[in-house]
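Reading through the structure tokens given below for one structure.
We did not get these values from a lab; they are worked out from the coordinates using the rules stated. Keep in mind that this is a model prediction, so the values were computed, not measured. Glycine gets a Cβ as well: all are built from the backbone with ideal geometry, and neighbour counts include every protein chain shown.
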Amino acid sequence: MLAKALMPLAERLDRKFGWHRLPYYLGLATLVGLRERLRQKNLYSTGVPDVERPQPPGAREARRTDGSFNDLTQPGMGSAGAPFGRNGPALPDPDPLGAPRPRDISDALMDRTRFLPASHLSVLAAAWLQFEVHDWMSHAKEPPIGEWLLDADMPLPKAIPTGTDPQAFVCREPHWWDASQLYGTHPEYIAEIEREHGEIAVDDDLLRALERQAANFNAPEASLWVGLAGLLVLFAHEHNAIVRHLRAAYPERDARWLYAKARLVNSALMAKIHTVEWTPAIIGHPTTVRAIKATWWGLLGPKVRRRHGVSDLLFGIPGSHADHHGVPYTLTEEFVTVYRLHPLLPDDYVLGGKTLNLRELAVQPGNVDQPRERINEAGGNAAALYALGRQPPGQIELFNYPTTMRRWERIGDLPPIDLAAADILRSRETGVPRYTAFRQLLRLPVPTTFEALAGGNPHTAAAIREVYEGNIDAVDAVVGLYAEPKPQGFAFSETAFRIFLLMAARRLQSDRFFTDDYTPETYTPEGLAWIEATTMGDVIRRAYPHLTPPENPFLIWAS
């Protein structure tokens, strides 16, 4: 009720002053009103798959591998195979490879001539983003076909539309925040990582299982590198620590129960860390730091005892009532686009006393076990995490795309691909609006000159103008998101933030395991206490007691 009342005032204040220029409480109220307007205007359904089977035993108390039965009334909602939703009408591009060609845009606007570091963050912030994205979203794709070429030697698989809607594209992962990047969706991988008493494989055993998945060129594991591998190993250790804690409290429970409860706890812990630690590090404006933490703890803060089933604004979304805001839950194509943040990755890393490029830290054709080898050469996972914590990621800007990723060698018989060009092509292919239309969709002011788009930078403005031949409305969403000026403390753009403002809370509020079933009965009292008490630093120290990360490990570590 309060949020709806704030909508008209919020839009007027934001239009006149900008939320980030307002005093904290007024800025916070503005963001609450803007989020409510986004919920009202920017959620579009692309349909919910039918699930023609009865509710499986235990589905009420545990997450399903395929994401089904999260919403018990619409069991296909958010499941693997459900299409990406929309934050606005699809604007299909009749010629996604047309002028300016994605590869030409990459050459002119993405090429990293010198590395621009984000000096306050650590590379763990970039690794964490990939770690979470692998949980949330991955387009199902067709095999490469001739008409989809970035260059004569660079085929790109097409995203697969649903049979009923050519502009609704299939997500092959569950849309829920369920840690599927660790626990898996493929039966052979799940069976390979299972251990006694509900525990899972760690260290080399886990990485070998992931490497076997990487042999499929179209699997997310094919982009495995030291940073992603290190976080997967870290949270496998955390799963086992949770299992041991629960087994001590419930010695009569079997392995299946212990595994399911530990997965619930570990998944929720990842969501909490992303919400109250990673996000404030990435968008460090004083208003958003406090506002995003209120998403988890409410405006009353973590010291006030959480009350179940009451106001999420006061007590936080966990434990409130599930709410889809009138539209079945999915992640969206626009959400995918604003998370295309590859400039965060440096090309060069110091690991184990050597300077290595990103390609040398990642799965390679003919050498899928390279990340494991590099971690072991560095002295183990603790040493690898420490090394990454000491190095900064890149700024999310034009002219700062990793050179290594602009000719990325792939698993299988496919030739290298320019991932910067692929980011642009994928957004066109899936009907994401061009930049000015994207801003209009979100009711944001639309730049009318290239200078305004580039925040007054004459070099950037001239480069974009030349590539797009003076047509500002043709500028691709990814290009505009990288080019536009950022609010104080932000690593990414204000336009991207509007999608985050809408979708970050939605990922929690639509999920009954974070709302109606965020209870001692579902998680156990010990499980809830574990989530609420644990930080990212605790996870690191529990696995590697000799490490001393900073209070927020996504910021640069001291030597």
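Farthest toward the positive end of the dipole of the chain, out of 503, 291, 367, is the Cα of 291, where the dipole comes from beta carbon charges about the Cα centre. Each label point was placed 7 Å from the Cα along the Cα-to-Cβ direction; for residue 260 and residue 373 their separation is 4.2 nm.
Multiplying the sequence separation of residue 25 and residue 542 by 0.36 nm and subtracting their Cα-Cα distance, what value in nm do you get? Don't skip to the end; give the middle numbers.
Numbers: separation 517, 0.36 × 517 = 186.12 nm, distance 3.70 nm.
Going from the current span to full extension adds 182.4 nm.
State whether the chain is rounded, prolate or oblate according to the following rule on the C-alpha gyration tensor (a ≥ b ≥ c being the square roots of its eigenvalues): a/c under 1.5 gives rounded; otherwise a/b larger than b/c gives prolate, and the remaining case gives oblate. The shape class here is rounded. Where both bridge residues fall in the chain, DSSP classifies roughly 90% of the beta bridges as antiparallel.
Would you please calculate the Kirkwood hydrodynamic radius of the range 78-177 over all C-alpha pairs and express it in Å, rounded to one decimal? Let's see the in-between values first.
On the way: mean 1/r = 0.0604 Å⁻¹.
Computed over Cα pairs of the range 78-177, the Kirkwood hydrodynamic radius comes out at 16.5 Å.
Can you give the log10 of the normalised intensity I(q)/I(0) at q = 0.22, 0.25 Å⁻¹, computed with Debye over equal Cα scatterers of the range 1-41? Debye curve over Cα of the range 1-41, log10 I(q)/I(0) at q = 0.22, 0.25 Å⁻¹: -0.57, -0.72.
The alpha carbon convex hull volume per residue for the range 1-75 rounds to 151 Å³.
Between residue 437 and residue 558, the modelled labels are 5.2 nm apart [label points 7 Å from Cα along Cα→Cβ]. Applying 1/(1 + (r/R0)^6) with r as the Cβ-Cβ distance of residue 350 and residue 151 and R0 = 35 angstrom yields a FRET efficiency of 0.60. Projecting label points 7 angstrom from Cα along Cα→Cβ for residue 115 and residue 529 puts them 4.5 nm apart. Stretched out straight at 0.36 nm per residue, the stretch from residue 300 to residue 446 would grow longer than its current Cα-Cα span by 48.9 nm. Per residue, the chain reaches -12500 deg cm²/dmol at 222 nm when only DSSP H runs of four or more residues are counted, each adding -39500 (n - 2.57).
Between 246, 225, 264, the Cα set farthest toward the positive side of the dipole of the range 209-292 (charges on each charged residue's Cβ, about the Cα centre) is that of 246. Of the peptides 275-283, 9-17, the order by per-residue mean of other Cβ atoms within 10 Å, starting with the highest, comes out as 275-283, 9-17.
Span-like helix check, the chain: qualifying full DSSP H segments, with Cα axial length of 30 Å or more and mean Kyte-Doolittle of -1.0 or more, are 226-249.
Note on the chain: with charges restricted to the Cβ of Lys and Arg (+1) and Asp and Glu (-1), its dipole about the Cα centre is near 1980 debye.
For residue 194 and residue 52, what does the FRET efficiency come to when R0 = 30 Å and r is the distance between their Cβ atoms, rounded to the nearest 0.05? With R0 = 30 Å, the Cβ-Cβ based efficiency is 0.60. Of the residues 273, 75, 116, the one whose Cα sits farthest toward the positive end of the charge dipole of the chain, with +1 on the Cβ of Lys and Arg and -1 on the Cβ of Asp and Glu, is 273.
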